[in-house]
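Participant: Attaching a single structure in structure tokens format; questions to follow.
The values are calculated or read from the model by the stated rules, or taken from the named source; none is laboratory data. Because the structure is predicted, anything quoted here is derived from the model rather than measured. Neighbour counts are summed over all protein chains in view; Cβ atoms, including those assigned to glycine, are modelled from backbone coordinates with ideal geometry. Areas reflect the complete protein model, heavy atoms only, side chains present, ligands, DNA and RNA absent. Shrake-Rupley method; radii C 1.70, N 1.55, O 1.52, S 1.80 Å.
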Amino acid sequence: MNLIFSTGQGTILHHTAYESTGGRMIRSTILTGLGSLLCGLFLSTQQINAQSTYTLKPTPKTVAWGYYDAKAAPVLRVKSGDTVEIQTLITNSPKRLEEAGLPPDQVEQSLRDITDQVKDKGPGGHILTGPIYIEDAQPGDVLEVKILAIKLAIPYAYNAFGPGRGYLPDDYPYAKIKIIPLDEKRMVAKFAPGIEIPLHPFFGSMGDAPPESAGHWNSGPPWIMAGNLDNKDLVAGSTLYIPVHAPGALFEVGDGHAGQGDGEVDITALETSLIGTFQFIVRKDLHLKWPRAETPTHYITMGLNDDLNACATLAVREMIDFLVTEKHLSRDDAYMLSSVAADLHITELVDGNKGVHMMLPKAIFVSTSK
């Protein structure tokens with residue numbers, strides 16, 4: 001029998017032959033059957049061990065400035081199961097950061113290069129690293145994005161608002177920006193004397209391409225392809241499930257946040273540059289209309305719409321569908337459980353489409369075995 005398996009040095013083809021005469025035939029038949037089973041196990045091991053790890057840094061040729069697009073050219077191709085360390089950039093310009101008091105030597109050179117050299121900008125303002133093409137991802141599939149790790153890339157963040165933007169534009173018809181130092185060792189933001197904010201780094205924008213008919217989709221409003229979700233619960237250890245609408249999925253990520261309050265009311269969070277490690281898995285067994293997520297402690301469904309009531313309605317309906325499909329509850333029990341155990345949160349209010357997410361604790365699903 002031929003057994004294929006992997007080691008740290010590569011793939012090995014192991015061949016064993018047995019005599020097929022007399023009593024040896026029985027032994028050969030038994031071992032052949034066992035060999036088939038072992039071969040399957042070794043093949044699975046080979047697939048796991050064959051997964052590759054990549055690094056993707058932001059350059060003028062590896063970012064999409066302000067859009068998700070099914071026709072965008074991929075900057076990296078990976079296979080399902082592969083891991084990519086992705087560096088993202090703060091969403092601002094060197095000029096504005098320096099005017100806010102940031103020393104010029106603290107402005108990342110990659111941000112200067114991209115600001116100067118990228119001409120295809122907009123309609124949104126986010127600098128997104130990607131897109132990444134995941135082999136075998138097809139429309140109708142789901143892209144499972146495991147957020148394995150997130151770390152700070154720079155020792156500062158900013159928060160800003162501007163005229164006509166944010167949740168209270170009439171109250172603040174002017175622009176203001178504030179540079180906020182980050183203490184990575186203590187994991188706090190020094191907002192002001194006597195005010196320190198615990199850091200919970202996450203990516204505000206993670207998404208794949210929208211349907212081709214949507215064209216150059218603005219990176220601001222989140223939608224069926226996720227995108228600018230601004231969900232502060234999607235920290236390291238969480239998983240995002242995104243419906244695939246274009247071949248290869250075309251994943252992009254950016255809008256790094258060191259922390260944020262639900263709602264993101266002035267339109268920015270603790271905006272910063274982050275480095276994330278992601279594993280991409282193509283799920284042929286899942287079929288979703290809207291993004292979902294889970295953390296180590298909660299299941300999350302989402303509602304995205306320009307109307308807050310519509311967002312809440314969608315988030316609740318998605319939770320009911322999750323409980324019926326994945327936990328095999330009746331629709332009546334799913335509705336009841338959503339009422340007594342799940343929490344609705346306003347994700348964001350300021351990016352075109354608003355967001356509401358519903359969180360259900362995993363701990364309520366206790367084992368019934370004794």
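Participant: Name, by its number, the condition in (1) touching a residue at least 24 places away in the same chain (Cβ under 8 Å); (2) in a helix (DSSP H, G or I); (3) over 25 Å from Phe191 (Cα atoms) that does not hold for Gly124.
Facilitator: (2)
Participant: If you don't mind, another one. Run Phe322 past the list (1) touching a Lys or Arg at 6+ places or on another chain (Cβ under 8 Å); (2) buried (at least 21 other Cβ atoms within 10 Å of the Cβ); (3) not in a helix (DSSP H, G or I) and report the number of the one that doesn't hold.
Facilitator: (3)
One line per residue, one yes/no per condition, for (1) farther than 23 Å from Gly166 by Cβ; (2) part of a loop (DSSP other than H, G, I, E, B); (3) charged (D, E, K, R):
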{"site": "Pro210", "(1), (2), (3)": "yes, yes, no"}
{"site": "Asp230", "(1), (2), (3)": "no, yes, yes"}
{"site": "Val235", "(1), (2), (3)": "yes, yes, no"}
{"site": "Tyr241", "(1), (2), (3)": "yes, no, no"}
{"site": "Phe251", "(1), (2), (3)": "yes, no, no"}
{"site": "Asp255", "(1), (2), (3)": "no, no, yes"}
{"site": "Gly259", "(1), (2), (3)": "no, yes, no"}
{"site": "Thr268", "(1), (2), (3)": "no, yes, no"}
{"site": "Gln279", "(1), (2), (3)": "yes, no, no"}
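Participant: Kindly indicate whether any position in region 236-253 is under 18 Å from Val84 (Cβ atoms), modelled with pLDDT of 95 or more, of a type outside the set (Lys, Arg) and surrounded by fewer than 18 Cβ atoms within 10 Å (Cβ to Cβ).
Facilitator: Of region 236-253, the ones under 18 Å from Val84 (Cβ atoms) are 236-242, 244, 248-253.
Now narrow it down to the ones that are modelled with pLDDT of 95 or more: 236-242, 244, 248-253.
Imposing the further condition that a residue be of a type outside the set (Lys, Arg) reduces the set to 236-242, 244, 248-253.
Restricting the remaining residues to those that are surrounded by fewer than 18 Cβ atoms within 10 Å (Cβ to Cβ) gives 236-237.
Checked region 236-253: at least one residue is under 18 Å from Val84 (Cβ atoms), modelled with pLDDT of 95 or more, of a type outside the set (Lys, Arg) and surrounded by fewer than 18 Cβ atoms within 10 Å (Cβ to Cβ).
Participant: Failed condition for Leu286, given (1) in contact with a helix residue (DSSP H, G or I) (Cβ under 8 Å, 6 or more places away or on another chain); (2) surrounded by fewer than 20 Cβ atoms within 10 Å (Cβ to Cβ); (3) assigned to a loop (DSSP other than H, G, I, E, B), with all others met?
Facilitator: Checking Leu286 against (1) in contact with a helix residue (DSSP H, G or I) (Cβ under 8 Å, 6 or more places away or on another chain); (2) surrounded by fewer than 20 Cβ atoms within 10 Å (Cβ to Cβ); (3) assigned to a loop (DSSP other than H, G, I, E, B), the one that fails is (1).
Participant: Is it the case, given these coordinates, that Leu304 is modelled with pLDDT of 95 or more, of a type in the set (A, V, I, L, M) and either open to solvent by less than 40 Å² (accessible area, probe 1.4 Å) or not in a strand (DSSP E or B) (or both)?
Facilitator: yes
Participant: Quick one: Ile134 ticks every box in (1) closer than 25 Å to Leu199 by Cα; (2) surrounded by 19 or more Cβ atoms within 10 Å (Cβ to Cβ) bar one, so which box is it?
Facilitator: (1)
Participant: Pairs, please: C-beta under 9 Å, at least 6 apart or cross-chain, first residue hydroxyl-bearing (Ser, Thr, Tyr) and open to solvent by less than 50 Å² (accessible area, probe 1.4 Å) and in region 69-89, second assigned to a loop (DSSP other than H, G, I, E, B) and at pLDDT below 95?
Facilitator: Close Cβ pairs (under 9 Å, with a partner that is assigned to a loop (DSSP other than H, G, I, E, B) and at pLDDT below 95) amount to Thr83/Gln51.
Participant: Taking the criterion of being in contact (Cβ under 8 Å) with a residue 40 or more places away in the chain and of a type in the set (Phe, Trp, Tyr), would at least one residue in region 181-194 satisfy it? Working first, answer last.
Facilitator: So in region 181-194, the residues in contact (Cβ under 8 Å) with a residue 40 or more places away in the chain come out as 182, 189.
Filter again for of a type in the set (Phe, Trp, Tyr), leaving none.
Within region 181-194 (the criterion being in contact (Cβ under 8 Å) with a residue 40 or more places away in the chain and of a type in the set (Phe, Trp, Tyr)), the answer is no, since none of the residues qualifies.
Participant: Let me confirm something: among Glu98, Glu108, which residue is free of Cβ contacts under 8 Å to residues at least 24 places away in the same chain, among the acidic types (Asp, Glu) and more than 23 Å from Lys146 (Cα to Cα)? Break it down into steps so the answer makes sense when it comes.
Facilitator: Working: Glu108 fails: free of Cβ contacts under 8 Å to residues at least 24 places away in the same chain.
Within the list Glu98, Glu108, the selection yields Glu98.
Participant: Does Arg186 qualify as being over 25 Å from Gly276 (Cα atoms), of a type outside the set (Gly, Ala, Ser) and either open to solvent by 40 Å² or more (accessible area, probe 1.4 Å) or not in a loop (DSSP other than H, G, I, E, B) (or both)? First the steps, then the outcome.
Facilitator: On the way: over 25 Å from Gly276 (Cα atoms): no; of a type outside the set (Gly, Ala, Ser): yes; either open to solvent by 40 Å² or more (accessible area, probe 1.4 Å) or not in a loop (DSSP other than H, G, I, E, B) (or both): yes.
No.
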